[in-house]
1. For region B:23-128, compute the number of Lys pairs whose alpha carbons are separated by less than 22 Å, excluding pairs fewer than 8 positions apart on the same chain.
2. Apply the Karplus curve 6.51 cos²θ - 1.76 cosθ + 1.60, θ = phi - 60°, to the phi angles in region B:88-103 and return the couplings in whole Hz, x for Gly and Pro.
3. Suppose every K and R has +1 on its Cβ and every D and E has -1 on its Cβ; what is the size of the dipole of chain B about the Cα centre, in Debye to the nearest 20?
4. List the trypsin sites (Lys or Arg not before Pro) within region A:1-69 that DSSP assigns to loop and that have no more than 11 neighbouring Cβ atoms inside 10 Å.
5. Would you please give the FRET efficiency between A:ALA50 and B:LEU55, computed as 1/(1 + (r/R0)^6) with r the Cβ-Cβ distance and R0 = 35 Å, to the nearest 0.05?
6. Based on Cβ point charges of +1 for Lys and Arg and -1 for Asp and Glu, what charge dipole magnitude is obtained for chain A about its Cα centre, in debye rounded to the nearest 20?
7. Quick check: net charge around B:TRP118, other residues with Cβ under 10 Å of its Cβ, Lys/Arg +1 and Asp/Glu -1?
8. Taking amide hydrogens as modeled 1.01 Å from N in the peptide plane, which residues meet the under 5 Å criterion relative to B:ARG103, leaving out close sequence neighbours?
Amino acid sequence: DIPVTQSPSSLSASVGDRVTITCRTSPGISIYFNWYQQKPGKAPKLLIYATSTLQSGVPSRFSGSGSGTDFTLTISSLQPDDFATYYCLQTYSIPWTFGQGTKVELK
Amino acid sequence: EVQLVESGGGLVQPGGSLRLSCAASGFTFSDHYMDWVRQAPGKRLEWVGRSKNRLNSYSTEYAASVKGRFTISRDDSKNSVYVQMDSLKTEDTAVYFCARVPRICYGGSCYFYYMDVWGKGTTVTVSS
């Protein structure tokens, strides 16, 4: 299985802050990297696919980047609706594997 | 509206069986792969398995943790995918989601590389 290590596991931030979440994985993943947002009791919501492509309807304050072994989700200006848990997902090979999640909380 | 709705969850004893269903609507079901993903209480998401489409012979793939115990199938005429779960263990307790893996075609080839639509999930509890 391809390991995916996500950090931090949690962070406290204020509305308007810039937030960065990182995942580290095996080399060669290429574009097969995606980001999801999950709120309590809800299904995950696709934010970013193919490393940096914004899913339709997702606000432009979300962006993704990365190459090699390190991938990043950035929220440029945190909004009240963004307090949630974020997961990365590699889809290069089966089994697809998720990061541990990052819980973004209000400071 | 594109929608997935899971059903069939419940309480079952260790060693028991359960069959989950996922009904799709609002898109051409037969074109796409369908995955199952689960989330144990307080844990990360875990990919469980996949049903590929007709063009890929409806083949299936499974996580090692469920292989030999879970069986995924689909019925394109009913726009539904299923997971038959046998020999259940307490560690199978989780919310089970079905998710669409869309077929993305360009340059003469088609790719499947993310899950874009998810159901709300159904809860499975394995306990004596």
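1. Values: B:LYS43/B:LYS67; B:LYS43/B:LYS89; B:LYS43/B:LYS120; B:LYS52/B:LYS67; B:LYS52/B:LYS78; B:LYS52/B:LYS120; B:LYS67/B:LYS89; B:LYS78/B:LYS120.
The result is 8.
2. Those phi angles translate into 5, 10, 4, 6, 7, 4, 5, 8, 9, 10, 9, 8, 8, 10, x, 7 Hz.
3. I would put it at about 160 debye.
4. Numbers: sites: A:ARG18, A:ARG24, A:LYS42, A:LYS45, A:ARG61; in loops: A:ARG18, A:LYS42, A:ARG61.
Taking region A:1-69 and a limit of 11 other Cβ atoms within 10 Å, the loop trypsin sites (Lys or Arg not before Pro) found are A:ARG18.
5. 0.95
6. Numbers: 8 positive and 6 negative charges, 33 e Å.
Taking the Cα centre of chain A as origin, the dipole is about 160 debye.
7. Details: positive: A:LYS42, A:LYS45, B:ARG100, B:LYS120; negative: B:GLU6, B:ASP35, B:ASP116.
Once all neighbours under 10 Å are counted, the net charge is +1.
8. Those qualifying (amide H under 5 Å, at least 5 residues apart or on another chain) are B:TYR33.
The values are calculated or read from the model by the stated rules, or taken from the named source; none is laboratory data. This structure is a prediction, so every number in the text was calculated from the model and none was measured. Methodologically, a virtual Cβ is constructed for each residue, glycine included, from the backbone with ideal geometry; neighbour enumeration extends over all protein chains shown. Note: areas computed on protein heavy atoms with side chains; ligands, DNA, RNA excluded. Shrake-Rupley method; radii C 1.70, N 1.55, O 1.52, S 1.80 Å.
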